[in-house]
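The values are calculated or read from the model by the stated rules, or taken from the named source; none is laboratory data. Fair warning: this is a prediction, and the values are worked out from it, not measured in the lab. A quick note on method: Cβ atoms are made from the backbone with ideal geometry, for glycine too, and the neighbour counts reach across all protein chains shown.
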Ligand code: PLP
């Protein structure tokens, strides 16, 4: 890391340590990925220095000639990628993007209908610990007990009963495709705005591997760092009629100066997303997730909804009598990074949980395919059912050795 090694060896050591952690283990957190060196170059650039409140051509600061070019490229590439009327690329994160959507369409006390957190939604979808649940009246739908997929009858009934101003679809632990047409028709029936939080799956849409919410939704918010594989950030696309409301809500309502280095990195990422290689990657992410979910299921680690259509699967550990928190710790000790996750109707508290969530963006970026997913399922099953949170336990050591072998063949950030 050049001059940083000499000036601040402690932080330089963290950067090296994190790179080695990524290289040394299996990364299966569904919301993570490994963005390209080109994206990281833009992130680490002098564009970070620039104040550019406002929008291209309408700034509150001088000297914006170069950053205007970067933001214009990011906007145009984003619109073209998603065939959207308008794009705002300034949100600092997924939560900031969501805050702006609330700001554009709702006033304090208004009602929103969204997926409940324990059934797969997100904190910003009206939970009590978030601004969204403190300032707005959130009504939540969940999944059907039998199918474990969205309970569309309940969504319709709650919409008609509560007549929300906004209906929100999307979440953090939804393995199946969402019926956007259903939500659009329902929103039209009750005169609501239809918002999709596509943070998790927008990368699959960008890669043309699953249907897009953009033709159906009034507004689509998303993060740029998950399957999409861009910098850690957010963005919003919307219909032309909502353009002014969204832009005003992002700035000046919710944010100050945009992060121009991150916006340049988003532009690089959107260009990457338009390549045939990216489309092949997006298709492979899903193929890998399907095999991983099925192979874990064959080992008693049951996929909810019976599998997945996307990049992630959610697994019920009750059949193997292990909690989510223990499974996460045992996998960690074996060099496998994943997260515990509540499953629908979970009898455990969220900090214990009965499930794990696994995702394939990182391992697919590393070039792994279906054969490696079967190996990974075997490694996870051994760590979870026979292993221990102690890294010196024989099973932790044995699994870790096989993980090392696998990631050596498919290196992250090859040297
Ligand atoms: N929305 C959904 C569905 C998410 O899964 C996440 C992050 O996990 C967010 C919003 C928030 O994104 P961020 O962590 O960038 O604020």
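Key figures for this structure:
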{"read-out": "Tally of residues being surrounded by 15 or more Cβ atoms within 10 Å (Cβ to Cβ) and either assigned to a helix (DSSP H, G or I) or free of Cβ contacts under 8 Å to residues at least 40 places away in the same chain (or both) across the range 387-396", "value": "2"}
{"read-out": "Which numbered condition residue 346 misses (of (1) without any contact (Cβ under 8 Å) to a residue 40 or more places away in the chain; (2) surrounded by fewer than 19 Cβ atoms within 10 Å (Cβ to Cβ))", "value": "(1)"}
{"read-out": "Those residues of the range 195-221 which are in contact with a strand residue (DSSP E or B) (Cβ under 6 Å, 6 or more places away or on another chain) and either at pLDDT below 95 or within 16 Å of the ligand (Cβ to nearest atom) (or both), in sequence order", "value": "195, 196, 197, 198, 199, 202, 213, 217, 219, 220, 221"}
{"read-out": "All helices (runs of 4 or more DSSP H) inside the range 236-307 with 3 or more residues being more than 19 Å from the chain's Cα centre (by Cα) and surrounded by fewer than 24 Cβ atoms within 10 Å (Cβ to Cβ)", "value": "243-248, 276-298"}
{"read-out": "The range 19-49, residues that are away from the ligand (no atom under 16 Å from the Cβ), within 22 Å of residue 223 (Cα to Cα) and either without any contact (Cβ under 8 Å) to a residue 60 or more places away in the chain or within 23 Å of the chain's Cα centre (by Cα) (or both)", "value": "22, 34, 36, 37, 38, 40, 41, 42, 44"}
{"read-out": "Residue identified as touching a helix residue (DSSP H, G or I) at 6+ places or on another chain (Cβ under 6 Å), at pLDDT 95 or above and closer than 22 Å to residue 368 by Cα among 47, 26", "value": "26"}
{"read-out": "Residue list for the range 308-352, restricted to those being under 20 Å from the mean Cα position of the chain (by Cα) and in a loop (DSSP other than H, G, I, E, B)", "value": "308, 309, 310, 311, 338, 342, 343, 344, 350"}
{"read-out": "Qualifying residue in the range 370-386 (condition: over 21 Å from the mean Cα position of the chain (by Cα) and in a loop (DSSP other than H, G, I, E, B))", "value": "no"}
{"read-out": "Counted residues, the range 310-340 - those being in contact with a helix residue (DSSP H, G or I) (Cβ under 7 Å, 6 or more places away or on another chain) and over 29 Å from residue 20 (Cα atoms)", "value": "4"}
{"read-out": "Residue 133 vs. criteria at pLDDT 95 or above, under 23 Å from the mean Cα position of the chain (by Cα) and crowded, with 22+ Cβ neighbours inside 10 Å", "value": "no"}
{"read-out": "Pair list, Cβ < 6 Å and 6+ apart or interchain, from the range 233-249 residues that are closer than 13 Å to residue 202 by Cα and touching a residue at least 60 places away in the same chain (Cβ under 8 Å) to residues that are assigned to a strand (DSSP E or B) and away from the ligand (no atom under 16 Å from the Cβ)", "value": "237/87"}
{"read-out": "Given (1) within 16 Å of the ligand (Cβ to nearest atom); (2) without any contact (Cβ under 8 Å) to a residue 60 or more places away in the chain; (3) at positive phi, index of the condition residue 229 fails", "value": "(2)"}
{"read-out": "Qualifying residue in the range 163-179 (condition: free of Cβ contacts under 8 Å to residues at least 40 places away in the same chain, surrounded by fewer than 22 Cβ atoms within 10 Å (Cβ to Cβ) and more than 23 Å from residue 315 (Cβ to Cβ))", "value": "yes"}
{"read-out": "Residue check, residue 151 away from the ligand (no atom under 14 Å from the Cβ), in contact with a strand residue (DSSP E or B) (Cβ under 9 Å, 6 or more places away or on another chain) and closer than 22 Å to residue 314 by Cα", "value": "yes"}
{"read-out": "Residue 172 within 16 Å of the chain's Cα centre (by Cα), over 23 Å from residue 303 (Cβ atoms) and either away from the ligand (no atom under 16 Å from the Cβ) or part of a loop (DSSP other than H, G, I, E, B) (or both)", "value": "no"}
{"read-out": "Exclusive hit being over 22 Å from the mean Cα position of the chain (by Cα) and closer than 30 Å to residue 306 by Cβ, set 114, 192, 104, 187", "value": "187"}
{"read-out": "Single condition residue 371 does not satisfy, out of (1) surrounded by fewer than 15 Cβ atoms within 10 Å (Cβ to Cβ); (2) out of contact with any strand residue (DSSP E or B) (no Cβ under 9 Å at 6 or more places or on another chain); (3) within 15 Å of residue 322 (Cβ to Cβ)", "value": "(3)"}
{"read-out": "Looking only at the range 80-120, and only at residues there that are surrounded by fewer than 24 Cβ atoms within 10 Å (Cβ to Cβ) and near the ligand (Cβ under 10 Å from one of its atoms), the one that is farthest from residue 53 (Cα to Cα)", "value": "95"}
